[in-house]
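Bear in mind these aren't lab numbers, they're just calculated from the coordinates by the rules spelled out. Here the structure is a predicted model, which means the values were calculated and not measured. Heads up, the Cβs are rebuilt from the backbone with ideal geometry, glycines too, and the neighbour counts pull from every protein chain shown.
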Amino acid sequence: MGKTVKKFETEVQQLLDLVIHSLYSNKEIFLRELISNASDAIDKVKFESHSNMELLEGNADWKIKIHPDKEAGTLTISDNGIGMSMDEVADNIGTIAKSGTKNFMAALKEQNLAENPELIGQFGVGFYASFMVADRVTLVTRKAGGKEFGCRWESAGDGSYTIEECEKETRGTDITLHLKEEMTEFLDEWRIRSIVKKYSDYVQYPIVMDVTRSEPVKDAEGNVIEGGGTIEKTTEETLNSMKAIWTRSKSEITEEEYEEFYKHISHDYDKPLATIHYSAEGVSEFKSIVYIPAHKPFDLFLRDHKKGVHLYVKRVYITDNCEALLPDYLRFIKGVVDSSDLPLNVSREILQEDIQIKRIQKSLVGKILSTLAEMKEKDFDKYLKFYGEFGPVLKEGIHFDHANLDKIKDLLLFESSKTESGKYVSLKEYVERMPEGQKEIYFITGMSRASVENSPYMEVFRKKDYEVLFMVDPVDEWVVQALHDYDGKHLKAIDRGDLELETEEEKKAQEAKKEEKQKEFGGVITFIQETLKDRVKEVRFSSRLTESACCLVAEEMGLNANMEKILKSMNQ
Ligand code: ADP
Ligand code: MG
């Protein structure tokens, strides 16, 4: 097949234009992106070779090689990973189907990145980051297995790229950056070393570079010959330490290292809110580092949200989105789990059913929930930040995680009639400050604090000085259905069914009053009932109200007004 010229997707070109013309100063991150792709590619071939040895082609000397060529002004990053077929190149490079770039495009729309170029490098712009430093990029790749030709892709980032078949002897990918004139600093050995150390030290494959040094000439025994002059000697040096961070002891790891690792695995540009480095021994043996992000990803509630933590078995990569490791309501957690119990050839399909995975999950969920409980106790402001971002997701656990129901209940926070706006009460605090005589936990659901606060249903509670929880998060309506009770106390919606607020004496007095009023205003009630007969089920006197003239009340088992609004907005 000859050379073809193809056009980039519009969105890709948009992104490229931004990358190329950005004034973003931290351009060095291009190397981090290319190394991470190379490392991913090696992970993949390594994994697939467990079931198909032929893919190795006798070459399992995993390596990412950086080759600066000062004369040509090029920097080449080579790997012996899985490589790409022609179709894969066209699919992966040239569309924005990939996660990192997708995040970027979403942020681009949301945050107006065009005007804030400093944000660019913080996103995983992935492969396209090459164009920050290069005015032409050549990618030569051959898929593992060696049955097809290699493929050569080239672009100057100006709307189109070329793609053609080519010869490539070794498996893997070479990416050559034709550096812009003002970017030749990236050919400097020390510059490269420091970038690798900074961003890619934990990559578990050697990142190597040929280094030439002049050495004094030595004799056969290795002694320097006086006055013998110098010779140039080239050796391949490994630039990274390769030590998987989760295998190290906590005391040896710096905050920066934890952060850097987080950014590597999460594609997040921000620091994590909390880091949990946790090892388990006994029934299930694993090491893990999991993170609670500081903010929610844009697609948290979309179906194709990429969830799950990275799974390794004895430092061998298995998958980077093992969904089975955490329940859905903790899908915002990022991290890595390295198990000692799973077999290496575990297939991704059976993970969901695997008993070891279930054990890890149980242990990990316990650890995460207890970390959150501790954060709530000791660093409430931080917990509030967490709750603001992920509270609605966590609440899903009320429905789905019966084993941990009590723990999750204790993590819930609500505004109430006794908190200021933006302040919260937990169920525990609510119960603790319940006045004598109050038997149930009262709540009202609604669209906003303002709407529930001024609702006529509140009147009698204000009078009684009973606290009412304001459940104004759209998911609350659904959450309360599974919440039922806390600490033996029933949760009661104040806009449904009958309220049992009075003592026996008060009740009697009210009955008497009602009868009296019935005589006086019975005609009015009948009139209203007649007039609205197609719209309401019943019109009756109420002891709920102290100031307003009337209010609408749902039946105990019926839909309340808020639920009706929600359903209506969903076109139900
Ligand atoms: P991401 O890494 O987030 O998927 P990138 O833009 O960095 O996004 O890469 C896009 C895709 O191109 C990768 O998912 C991968 O399929 C492919 N790719 C990039 N570099 C390599 C490589 N060195 N070897 C094999 N495939 C690669
Ligand atoms: Mg990438």
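Annotations
- Cα-centred dipole magnitude for the chain, charges only on beta-carbon of K, R (+1) and D, E (-1), debye, nearest 20: 940 debye
- Estimated FRET transfer efficiency (S370, E11; beta-carbon r; R0 35 Å; 0.05): 0.25
- Gain on full extension, evaluated as 0.36 nm per residue between K358 and A482 minus their Cα-Cα distance, stands at 42.2 nm.
- Available extension along the chain between D40 and R213 is 59.1 nm, counting 0.36 nm per residue and deducting the alpha carbon span.
- Within the shell of other residues whose beta carbon sits under 9 angstrom from the beta carbon of D410, the net charge comes to +3, with Lys and Arg scored +1 and Asp and Glu -1.
- In nm, spacing of pseudo-spin labels at F380 and T184 (7 Å Cα→C-beta vector): 6.1 nm
- Cubic angstrom per residue, convex hull over Cα atoms of the chain: 218 Å³
- Loop-located GluC sites (Glu not before Pro) in the stretch 175-261 whose Cβ has at most 16 other Cβ within 10 Å (DSSP): E221, E226
- At an R0 of 41 angstrom, the distance between the Cβ atoms of Y269 and D465 translates into a FRET efficiency of 0.30.
- Taken along the Cα-to-beta-carbon direction at a fixed 7 Å, the label points for E256 and K418 span 4.9 nm.
- Residues E71, E28, E530 arranged by fewest to most Cβ contacts within 10 Å: E71, E530, E28
- Extending 7 Å from Cα along the Cβ direction at E167 and again at H295 yields two label points whose distance is 5.2 nm.
- Potential lengthening between K537 and V316 on full extension [0.36 nm per residue; Cα-Cα distance subtracted]: 73.0 nm
- Surrounding net charge for R359, when Lys and Arg each add one and Asp and Glu each subtract one, Cβ distance under 15 Å: -2
- Restricting the stretch 322-406 to GluC sites (Glu not before Pro) that sit in a DSSP loop and have at most 13 other Cβ atoms within 10 Å of their own Cβ leaves E349.
- Cross-link pairs beyond the 24 Å C-alpha cut-off, checked among K63/K143; K44/K314; K44/K180; K27/K307; K271/K334; K70/K271: K44/K180; K27/K307; K70/K271
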